[in-house]
Each structure stands twice: as C-alpha cells, then as structure tokens.
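Here is the structure we will look at.
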Amino acid sequence: MKRTRVKICGITRLEDAISAARLGADALGFVFVPASRRNIAPDKARCIVEQLPPFVEVVGLFLDAKPEAIEAALEAVPSLLPQFHGRESATDCERWERPYLKAIGLGQKSTVERLSEEAELRSIAEQLAAHRKACGFLFDSNAPGQLGGTGHVFDWQKLDRTVGRNLPGSLILAGGLGVHNVSQAIRQVAPWAVDVSSGVEKDKGIKDLQKMKTFIEAVRAADRHIEEKP
C-alpha cells in the first residue's frame, strides 16, 4: 500500500517529539533560524534527538545561514538532514557532502514584485535544475527565499503547471496543511510526504497531541482510500 510519509516540523520540546514519534511520524523538523519563534538551539535539539526511538528521521531547517551556524547544528546532531529554505546555491547545499532537501516557496510576493506565471515557471525550473542532487523538494506557501510555517495554503494546481513530471527528487508538500485538508492534498497531489507545523500546534512551537494524532490518522485514511479505489 502507498504510504505518505509525515513530517512534524517546528519541534521545540522533548515531550512533543516523543509523542509525534509514538503516533507514527516519520520525521521531525528542527528550525535553526534565529528570527523564527520555533527556533531551537543545536544543543537543545541534540538532547531531544538523543532520546528519540529508532527509525525517526531528523531534519534541520536553515535560511541563508552562515556556514559556521550550519556546521554547529550538524556537529550537535550528526544524523541531521539539512533542509534549505533561502536562496542557497547548489554549491552552498552540497558542500556538506550529505543528502539535503531544498524548499521552494510558491506564495505570492508583493504586488510590485509579483511574478508572472511564465516567470515563476522559469524560476522554479532553474531551481530544480540547479539542485538536481537534492533528495527531495519541499513546496511551501511562503514567498520564495522566506521561511514557511505561515499556516497558509498555496494553489496546489501550481505544481502541475510549474513542476509536472520534471521533479528530480521526492515531492514534499507543506503550507497550511491540517486535518481539514490533508486528505484532499494527498488525493490531488500524491506527494511522497506531507509536512505540518502550525496545523498541529496550540501555540508557536508547542504541539497539540490530539491534533497530531488526528492529522496522522487522516493521512493514513487517505492512503487507504486511494488503495481501495477501483
């Protein structure tokens, strides 16, 4: 049976990390962006990761971070899978000699800066080509080069128009996902994984156990529905 992976992002507390893992989350995301209210220090992330059960992927989010900041996080959490949200070049991402994820924002810019669909298509194609060694691409609702976690949904049809079948890595869907829409997202987009942050929170960086539970249950139910569909 097809199984959509689940990433719970913006983890800041051990109890939330343990609960997410026990509920069946495949990956946990740690935000290493000082400007974010979900920011976590590398040493605190290490303390959490050291107490996780086996087979849980840990992902570190960076936004145009200085190399020494990335190095500090990777030293603290050696198993970290980097996820780059800014305007990092392929060289910036590949210098760490490990698999990485590249986030691509599909949210609108300001009216003055708004891209035409043709320009947006060209920009995304260039990013995909440049980061062809990325193991996955996370599509979010933030403006390009900015951090996600906005709680807003982008037009999923943009993925058909801008990405189509040309994605060199796995597709990870983010942006405003919650129990109310994740089933529709899985049916429409068929992503490798879904990424949720604010949709399972009671406050910034503080997860809600029941919301995490119902979200993961909704993902599994959507997978079963697709499998059973004639």
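The values are calculated or read from the model by the stated rules, or taken from the named source; none is laboratory data. In this text the structure is predicted, and so the values were computed from the model without any measurement. Counting neighbours? That spans all protein chains shown, and the Cβs are built from the backbone with ideal geometry, glycine included. The protein model used for the area step is the full one, side chains on, heavy atoms only, and it has no ligands, DNA or RNA in it. Shrake-Rupley method; radii C 1.70, N 1.55, O 1.52, S 1.80 Å.
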Please name all residue pairs, on different chains or six or more residues apart, with Cβ atoms under 7 Å, provided the first residue is in the stretch 1-14 and is free of Cβ contacts under 8 Å to residues at least 40 places away in the same chain and more than 14 Å from Val31 (Cα to Cα) and the second residue is open to solvent by 10 Å² or more (accessible area, probe 1.4 Å) and of a type in the set (S, T, N, Q).
Leu14/Gln51
Inspect all residues belonging to the stretch 46-64 and state whether any of them is exposed (fewer than 14 other Cβ atoms within 10 Å of the Cβ) and among the aliphatic types (A, V, I, L, M).
no
Can you name every residue in the stretch 40-82 that is acidic (Asp, Glu) and farther than 14 Å from Thr12 by Cβ?
Glu50, Glu57, Asp64, Glu68, Glu71, Glu75
Of the residues in the stretch 91-114, those that are surrounded by fewer than 14 Cβ atoms within 10 Å (Cβ to Cβ) and modelled with pLDDT under 90 come to Ser110, Thr111, Val112, Glu113, Arg114
Within the stretch 74-87, count every residue that is modelled with pLDDT of 95 or more, open to solvent by 20 Å² or more (accessible area, probe 1.4 Å) and either of a type outside the set (A, V, I, L, M, F, W, C) or farther than 15 Å from Glu57 by Cα (or both).
3
What residue, of Val189, Val182, Val153, Val194, is at pLDDT below 95, over 22 Å from Ser116 (Cβ atoms) and out of contact with any His (no Cβ under 9 Å at 6 or more places or on another chain)?
Val189
Go through the stretch 116-230 and tell me which strands (runs of 3 or more DSSP E), entirely inside it, have 2 or more residues that are open to solvent by less than 80 Å² (accessible area, probe 1.4 Å) and in contact with a Pro (Cβ under 9 Å, 6 or more places away or on another chain).
136-140, 170-173
Those residues of the stretch 22-31 which are under 18 Å from Leu81 (Cα atoms) and open to solvent by 20 Å² or more (accessible area, probe 1.4 Å) amount to Asp26
